[in-house]
1. Could you tally the net charge around P120, taking each other residue with its Cβ under 15 Å from the Cβ of P120, Lys/Arg +1 and Asp/Glu -1?
2. Testing the spin-label approximation: label points 7 Å from Cα along Cα→Cβ at T27 and V60. State their distance in nm.
3. Work through the residues other than I139 whose Cβ is under 10 Å from its Cβ and net out their charges, Lys, Arg +1 and Asp, Glu -1.
4. For the pair T68/T4, report the inter-label distance in nm, with labels modelled 7 Å from Cα in the Cβ direction.
5. If I stretch the segment between W52 and E39 completely, what's the gain in nm (0.36 nm per residue apart, minus their alpha carbon distance), one decimal?
6. Provide the per-residue ³J(HN,Hα) series for the stretch 65-75, in order, calculated from phi with Karplus coefficients 6.51, -1.76, 1.60 and θ = phi - 60°, each as a whole number of Hz, with x at glycine and proline positions.
7. Find out how many positive minus negative residues lie around R20, taking Lys and Arg as positive, Asp and Glu as negative, among other residues whose Cβ is under 13 Å from that of R20.
8. If you put +1 on each Lys and Arg Cβ and -1 on each Asp and Glu Cβ, how big is the dipole of the chain around its Cα centre, in Debye rounded to 20?
Amino acid sequence: MDITINELRDRLEIADALYRFGLGQDTQDPDLFASAWTEDAELDFRPAAAKWGGTPPVMVGRDTIVTTILTGFAGRVDTTHQVTNVRTEVDGDTAHATALVEAQHLLTADHGTHALLKNPYTVELVRDGSRWLIRRMRIENTWFTGDPVAIFGG
């Protein structure tokens, strides 16, 4: 019974790391967003961005990820992230997860300009006490509609 409870707790905490990632962006909360990442985290959005010609660099380091994303969207883009279909594989203090994320991006000044993406995420996580942190995240893209300017600007 204890093994099952611990396994369920791990699965919930892993999903919570993904929720902190999404909600931290949507609410522009730097502390919540930062709480999802390890200090040396990597975020690779290149595969998704390549679908419409975007060429962002791999973001390395929690501070870089938080600053790049939150500063890039602040006052310019409103977002909502829906995280679903989280699947996890725990191996001691490391884990791998996949999830589907629907991400809506709307220009703050004109919600008629938007980009809606359906993205499969591949995530590596590490245990940090009782919670889990994202060490690496790779974002692919299955489909998108709208205008990429809502993400990357003009």
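Every number here is computed from the coordinates shown, using simple stated rules; none is lab data. Since this is a predicted model, take the numbers as computed values, not measurements. FYI the Cβ positions are ideal-geometry reconstructions off the backbone, even for glycines, and counts take in every protein chain you see.
1. Numbers: positive: R46, K51, R87, K118, R136, R138; negative: D44, E102, E124, E140.
Every neighbour counted, the sum reads +2.
2. 3.2
3. On the way: positive: R46, R138; negative: D44, E140.
Charge balance in the 10 Å sphere: 0.
4. Spacing of the two 7 Å Cα→Cβ label points: 4.3 nm.
5. Numbers: separation 13, 0.36 × 13 = 4.68 nm, distance 3.00 nm.
The W52-E39 span can extend by a further 1.7 nm.
6. 4, 4, 5, 4, 6, 5, 5, x, 9, 4, x
7. Values: positive: R62, R131; negative: E13, D16, D26, D29, D31, D128.
Overall, the nearby charge balance is -4.
8. Details: 14 positive and 23 negative charges, 80 e Å.
Here the size comes out at about 380 debye.
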